[in-house]
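The values are calculated or read from the model by the stated rules, or taken from the named source; none is laboratory data. Because the structure is predicted, anything quoted here is derived from the model rather than measured. Quick reminder, even Gly has a Cβ in these numbers, built from the backbone with ideal geometry, and neighbours come from all protein chains shown.
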């Protein structure tokens with residue numbers, strides 16, 4: 001399998017089209033979620049999201065803070081905040097719509113068939129429970145009640161993520177006794193304990209230093225290969241997707257602005273927002289002597305304002321390439337190649 005160069009590292013040349021022979025394991029159709037603020041303002045967290053995932057595929061989800069990434073992660077498992085006021089669309093897992101499923105059916109899926117790794121391990125882990133017990137709780141919640149079986153499976157899972165002698169110590173430790181990278185691996189252990197088919201990782205490296213980020217990314221690569229996992233990997237940093245993701249979905253103000261094969265988007269991004277996002281991030285492993293002194297460009301404006309109802313393109317107020325039509329009409333997704341779509345009037349046929 002060949003490797004293609006990218007500003008954000010190397011990645012496999014696997015085409016997303018070559019993977020569409022088994023049928024989608026997860027399909028999202030026109031997903032919309034809105035929240036009401038304390039002041040009564042309605043914010044569109046997700047606005048018409050549609051995509052599908054094939055078995056074994058890794059999709060990277062990119063976007064800045066406020067783009068809807070975390071809302072997408074939780075919505076796939078029907079986890080909504082109390083101030084959600086408008087939820088529509090469908091999330092089909094193996095043909096079953098999770099937004100319409102009965103509570104007991106959904107509980108059998110959460111954590112067992114589809115697992116979610118939440119942001120911030122220091123918050124997601126219970127501070128007064130040992131790490132091993134927190135892994136056992138996940139197993140017990142899905143029907144494993146034999147103490148010896150629980151202990152054995154916990155050792156197996158932690159053994160996937162730590163050296164054997166280290167795994168025993170981790171299991172006996174409280175979260176505050178662990179490093180950030182170790183806490184993140186405990187969260188991963190919880191997520192894979194029941195052998196899920198789909199793993200959703202919400203910014204799993206955001207709170208880690210660069211070296212630990214790359215080590216953690218290596219863990220995900222290994223798990224993907226050894227467990228055959230299908231993954232949604234959410235991040236604000238395209239540098240983490242270079243040799244990992246098969247496809248990339250770019251979110252802005254709760255909308256898909258670009259979707260395609262990783263090599264298409266990471267090498268040749270089309271949407272003005274995607275290009276601006278990439279330019280604002282330092283290249284992976286930039287060792288030039290003056291690289292730390294170089295001032296990176298920023299995206300002007302406020303992304304949160306784009307979540308308010310607008311007549312035209314939500315990125316128009318911040319876009320350096322905006323046209324008159326962008327103020328009055330919202331662009332749809334158009335194909336720029338067989339494996340690449342973008343939501344921008346500059347690519348629509350006359």
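Sort through 115, 75 and tell me the only one that's buried (at least 19 other Cβ atoms within 10 Å of the Cβ), modelled with pLDDT of 95 or more and under 22 Å from residue 185 (Cα atoms).
Details: 75 fails: under 22 Å from residue 185 (Cα atoms).
Within the list 115, 75, the selection yields 115.
With in contact with a strand residue (DSSP E or B) (Cβ under 9 Å, 6 or more places away or on another chain), outside any helix (DSSP H, G or I), closer than 18 Å to residue 227 by Cβ and touching a residue at least 12 places away in the same chain (Cβ under 8 Å) as the only criterion, which of 99, 116, 187, 77 stands out?
Exactly one residue qualifies, and that residue is 116.
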I need the full set of residues from segment 36-56 which are touching a helix residue (DSSP H, G or I) at 6+ places or on another chain (Cβ under 9 Å), crowded, with 19+ Cβ neighbours inside 10 Å and farther than 18 Å from residue 332 by Cβ, in order please. 43, 45, 54
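Find the residue count for segment 310-329, including only residues that are part of a loop (DSSP other than H, G, I, E, B) and under 25 Å from the mean Cα position of the chain (by Cα).
4
Within segment 118-129, restricting attention to residues that are surrounded by fewer than 17 Cβ atoms within 10 Å (Cβ to Cβ) and on the phi < 0 side of the Ramachandran plot, which residue is modelled with the lowest pLDDT? Show your work before the answer.
In the first step, residues of segment 118-129 are kept if they are surrounded by fewer than 17 Cβ atoms within 10 Å (Cβ to Cβ); the result is 120, 122-123, 126-129.
Next cut, on the phi < 0 side of the Ramachandran plot only: 122-123, 126-129.
On the way: 122: 86, 123: 90, 126: 96, 127: 96, 128: 97, 129: 97.
Taking the candidates together, the pick is 122.
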Just a yes or no: is a residue in segment 130-141 within 21 Å of residue 207 (Cα to Cα), surrounded by 14 or more Cβ atoms within 10 Å (Cβ to Cβ) and at pLDDT below 95? no
What pairs can you find where one residue is in segment 324-335 and touching a residue at least 40 places away in the same chain (Cβ under 8 Å), the other is crowded, with 16+ Cβ neighbours inside 10 Å and not in a helix (DSSP H, G or I), and their Cβ atoms are less than 6 Å apart, with a gap of 6+ or different chains? 333/341; 333/343
